[in-house]
Every structure is written in structure tokens, then in C-alpha cells.
1. Once you charge only the Cβ atoms, +1 for Lys and Arg and -1 for Asp and Glu, what is the size of the charge dipole of the chain about its Cα centre, to the nearest 20 debye?
2. Where nothing but the Cβ of Lys and Arg (+1) and of Asp and Glu (-1) is charged, how large is the charge dipole of the stretch 89-218 around its Cα centre, in debye to the nearest 20?
3. How long, wide and thick is the stretch 98-218, going by the Cα atoms along their three principal axes, in whole angstroms, largest first?
4. Return the calculated 222 nm mean residue ellipticity for the chain, to the nearest 500 deg cm²/dmol, obtained by summing -39500 (n - 2.57) across DSSP H runs with n ≥ 4 and dividing by the residue count.
5. Could you give the semi-axes, largest first, of the ellipsoid that matches the chain, computed as the square roots of 5 times the alpha carbon gyration tensor eigenvalues and rounded to whole Å?
6. Which order results if Met146, Met216 are arranged by neighbouring Cβ count within 10 Å, fewest first?
7. Describe numerically, in nm with one decimal, the distance between label points set 7 Å from Cα along Cα→Cβ at Ser198 and at Lys37.
8. Taking θ = phi - 60°, what integer Hz values does the Karplus form 6.51 cos²θ - 1.76 cosθ + 1.60 yield along the stretch 205-210, in sequence order, with x for Gly and Pro?
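Nothing in this text is a laboratory measurement; each read-out follows from the coordinates by a stated rule. Worth saying up front: this structure is predicted, and the values here are computed from it rather than measured. Glycine gets a Cβ as well: all are built from the backbone with ideal geometry, and neighbour counts include every protein chain shown.
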Amino acid sequence: MNPEGRKDLKLATVFEAILHEHGEQSNWFGETAVTIKTSRFDDIANGVDEIVEFEEQESSPSYLALAVDATYSTFPDHKLQKIKAEINEGELAQIKYAVVENIGFRGELKKVPKVVVGVSARTVNELVELWLSKDNKALANHPVQMQILEEVLMQAQAFAKYAESKGHHEIARKYEKTQAIIEGVIEQKKNQIGFSDSGKRDDVFTSLEVGLSHAMRE
């Protein structure tokens, strides 16, 4: 691995840790969301770093698989291409060693919609400063959560449409459900006391947007 790759890996590891902690503690994914760290096997073999569980009152929980990136360079398009290839095969993410403590589940999760979330090195460094100083209030209201939600939303919309076009209707429904959940969380954020979103997004967000557009055209 070259020096830039090592720096990106270190960044991503730190970002994963912050995302895991504040995705749940600070409700970055909404008040009903629980973050679950995957095993090293699922990280390496299945490309899933984190699972988000959305608890629902009238049905069983919904799950979202996250591949997490933080980078000094542009967004790695190959991860989007991998998700697209899985959809072409009629597949979704599979997590072999899942531990969902709140419902006492240990085992395999199948057919989980997957997206990639990423931020820039500058954003990670900003989050690290707040994290190390234990400024949980600032982290709870940090606009990075809106960037992450919008990244999930744009992919859920694109992959739902793509799956439908390929005749994989069950996959399309899974991504459509993710889309509906995230749209609801974004609406909640707009009314969250103390939360202010400038609307600015970092370079990785823009790179993801472009990469997703290219992937859907190819």
C-alpha cells in the first residue's frame, strides 16, 4: 500500500469509530437508529464496516449496510461499481457475523441494502478535535450528519431505480424503504433544536455525486 493509501486507511478507521459512536449516541441516523460494528471478516470479505438498525413500531427492524470511507483524494468509484454489480446479480449485502444485542440476535443478516458514505480528510480532522475534547453537544449538532444522510439518500434513490430497471423488484423495494426512512430522518433534523445546516458539503460528497452519476450511466 502506498503512503497515501495508508493515510486514507487511518483516516477511515478514525471516521468509522466516530460514526459508530455518534451515529447512535448523537442520533445522526435518527432517534430509533442503532449502530452495529461488523466483524473483521465482514469488513474484509463483504466490504461492510457498519450496520445501522432502524427500529420500527409496527414491523421488524430495517437494516442498512455501510461501507465507510475517508480520503485525502477523490471518492473511490470502485465501491459504487461493486454495489451495482451485486444488484446486477440480484444480490444485496450479506453480513455473516452480526450481533444485534437489543433483540438478542446473533447470526447472519441477508439481503441488506448497502451504500457508501464518505467524508474528506479536513472533515475527519474537524470531527477528531471535537471527539478528543469530548464536545458531544457540537458533535450532536454537527452538519456532517446531514452530508451522510444525503449520501445515503442519493444512493438509495439511484440504486432503487437501477434495480427496478433490471427487474430486481425486491431489491428496489429494499432501497425504496431505506429512502423513505432517511427522508423521515432528514425532516426530523430540520426541526432539531440546536441543529443548523449550512448546506455546504465537502469535496468527497461532490466526488460521490459525480461517481454515482457515472456508475448509473455505464
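1. 320
2. On the way: 18 positive and 19 negative charges, 61 e Å.
Dipole of the stretch 89-218, to the nearest 20 debye: 300 debye.
3. Principal axes ranked by extent give 48, 40, 28 Å for the Cα atoms.
4. -17500 deg cm²/dmol
5. Value: 24, 21, 18 Å, ordered largest first.
6. Details: Met146 21, Met216 14.
Going from sparsest to densest Cβ surroundings: Met216, Met146.
7. 3.1
8. Karplus values, whole Hz, x for Gly and Pro: 4, 4, 5, 5, 4, 5.
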